[in-house]
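Engineer: Before we start, here is the structure in question, set down as structure tokens.
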Amino acid sequence: MFAAGAIQFGFTQNKNGLRRSQRLFPCGPIRISNTEHGARTSARSSWSLQRRQCVSDSDRLPRPGRRGTGAAGGMNAVCGGAARTLRVPGRHGYAAEFSPYLPGRLACAAAQHYGIAGCGTLLILDPNESGLRLFRSFDWSDGLFDVTWSENNEHVLVTCSGDGSLQLWDTAKAAGPLQVYKEHTQEVYSVDWSQTRGEQLVVSGSWDQTVKLWDPTVGKSLCTFRGHENVIYSTIWSPHIPGCFASASGDQTLRIWDVKAAGVRIVIPAHQAEILSCDWCKYNENLLVTGAVDCSLRGWDLRNVRQPVFELLGHTYAIRRVKFSPFHASVLASCSYDFTVRFWNFSKPDPLLETVEHHTEFTCGLDFSLQSPTQVADCSWDETIKIYDPACLTLPA
């Protein structure tokens with residue numbers, strides 16, 4: 001038995017599977033014990049929070065080694081209610097990001113076997129009359145944990161993977177990747193493309209406790225940033241300040257970096273728990289938000305970081321991802337291991353606007369559309385990707 005945060009699993013893992021499992025499940029006050037649910041001694045066991053029991057991947061998922069075995073062939077697109085849904089059997093969603101160019105186009109990074117083992121798939125989706133259709137998919141030899149679109153080419157994306165590499169893809173080409181960048185020594189969990197005009201810079205955050213800066217036209221990293229004392233879960237560029245980015249880590253800190261400086265600019269002890277996500281406000285260059293294993297969201301003003309400027313409570317398990325709206329200055333969304341997506345307005349006395357409960361497993365990926373003020377996408381370990389218009393964004397303010 002081992003502990004992952006406060007989670008206890010009653011099954012055995014090989015060394016690499018154990019290490020990855022411990023970091024993939026920093027979920028807070030959940031306990032699944034041997035005596036309550038029994039154990040299955042499998043190197044690829046997983047668990048379902050909803051059913052409160054251990055589930056063997058071999059019971060319902062493709063086995064590792066069957067790379068590219070029809071990830072698209074078994075997908076079922078349905079439009080249930082207001083949500084357009086694509087089901088991807090055997091692929092568990094980790095990240096979703098709308099294209100900055102093409103309305104409705106969505107990229108999703110997914111992994112087999114919950115990211116513990118097996119391969120990964122990059123899915124490119126477009127909306128249609130029946131829901132969502134798969135435009136193209138690409139397989140990789142390890143789980144894909146994040147994805148980011150190029151800011152200067154509508155066809156190009158970068159993903160990051162459990163094997164410590166970044167991959168450059170072109171959706172106009174059926175095969176790929178165009179290039180692979182392999183310098184991190186452990187899993188790469190976060191990747192982001194700079195929004196600064198004239199720059200082609202990508203930042204990656206890894207479980208090897210480093211952040212690396214890349215120019216996709218160059219075959220090696222430009223710089224490595226060190227200082228975090230635990231795994232890095234999130235990296236995000238400032239949409240306002242050229243060359244400035246933030247990182248969030250299991251060492252409980254939010255850090256602000258400048259690519260022109262040798263070291264970190266600001267260190268914020270933002271939570272007393274692992275921080276899994278951070279984002280920069282699109283309307284305020286000094287405002288960031290963090291989401292953590294302690295189930296809280298906290299806003300930080302870089303001009304005075306002694307106390308958060310807001311705290312949002314409501315999630316019941318770890319917050320996996322947080323995003324500011326590109327259309328509303330005080331609106332943000334968060335998704336969680338409690339299976340929900342929540343929408344907030346931190347300027348209101350009652351900040352929780354809406355709770356969306358349409359997933360049955362961990363909800364890991366989340367993004368706002370850059371073209372539609374009301375459109376949101378998310379993805380989950382329940383093998384579904386959804387695009388929808390939450391009521392709180394469609395109603396008058």
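Engineer: All but one of (1) among the polar types (S, T, N, Q); (2) under 19 Å from the mean Cα position of the chain (by Cα); (3) within 24 Å of T363 (Cα to Cα) hold for S150, so report the exception by its number.
Structural biologist: Just one mismatch for S150, condition (3).
Engineer: Another question, then. State yes or no: is G90 modelled with pLDDT of 95 or more, more than 14 Å from the chain's Cα centre (by Cα), surrounded by 19 or more Cβ atoms within 10 Å (Cβ to Cβ) and of a type outside the set (A, V, I, L, M)?
Structural biologist: When the stated conditions are applied, G90 passes them.
Engineer: Still on this structure: Pick out the one residue from K220, K212, K173 that is free of Cβ contacts under 8 Å to residues at least 40 places away in the same chain, within 30 Å of S137 (Cα to Cα) and assigned to a strand (DSSP E or B).
Structural biologist: When all the criteria are applied, what remains is K212.
Engineer: Another question about this same structure. Are any residues in region 339-388 closer than 22 Å to V88 by Cβ and among the acidic types (D, E), and if so, which ones?
Structural biologist: Once the filter is applied, which keeps residues that are closer than 22 Å to V88 by Cβ and among the acidic types (D, E), region 339-388 yields E357, E361, D367, D378, D382, E383.
Engineer: Determine which single condition L254 fails, assuming it passes every other condition in (1) more than 16 Å from W149 (Cβ to Cβ); (2) aliphatic (A, V, I, L, M); (3) open to solvent by 10 Å² or more (accessible area, probe 1.4 Å).
Structural biologist: The failed condition is (3).
Engineer: If the requirement is being surrounded by 16 or more Cβ atoms within 10 Å (Cβ to Cβ), farther than 19 Å from V191 by Cβ and either at pLDDT 95 or above or out of contact with any Gly (no Cβ under 7 Å at 6 or more places or on another chain) (or both), which of these qualifies: L134, L106? Don't jump to the end; show me each part of the working.
Structural biologist: Numbers: L106 fails: farther than 19 Å from V191 by Cβ.
Unique residue meeting the criteria: L134.
Engineer: Next up: Mind counting the residues in region 358-372 that are more than 15 Å from the chain's Cα centre (by Cα) and among the hydrophobic types (A, V, I, L, M, F, W, C)?
Structural biologist: Result for region 358-372: 1.
The values are calculated or read from the model by the stated rules, or taken from the named source; none is laboratory data. Model, not experiment: these values are computed from the prediction. Because the Cβ atoms are built from the backbone with ideal geometry, glycine has one as well, and the counts that use them run over all protein chains shown. We work out accessible area using only protein heavy atoms, side chains counted, and drop any ligands, DNA or RNA first. Shrake-Rupley method; radii C 1.70, N 1.55, O 1.52, S 1.80 Å.
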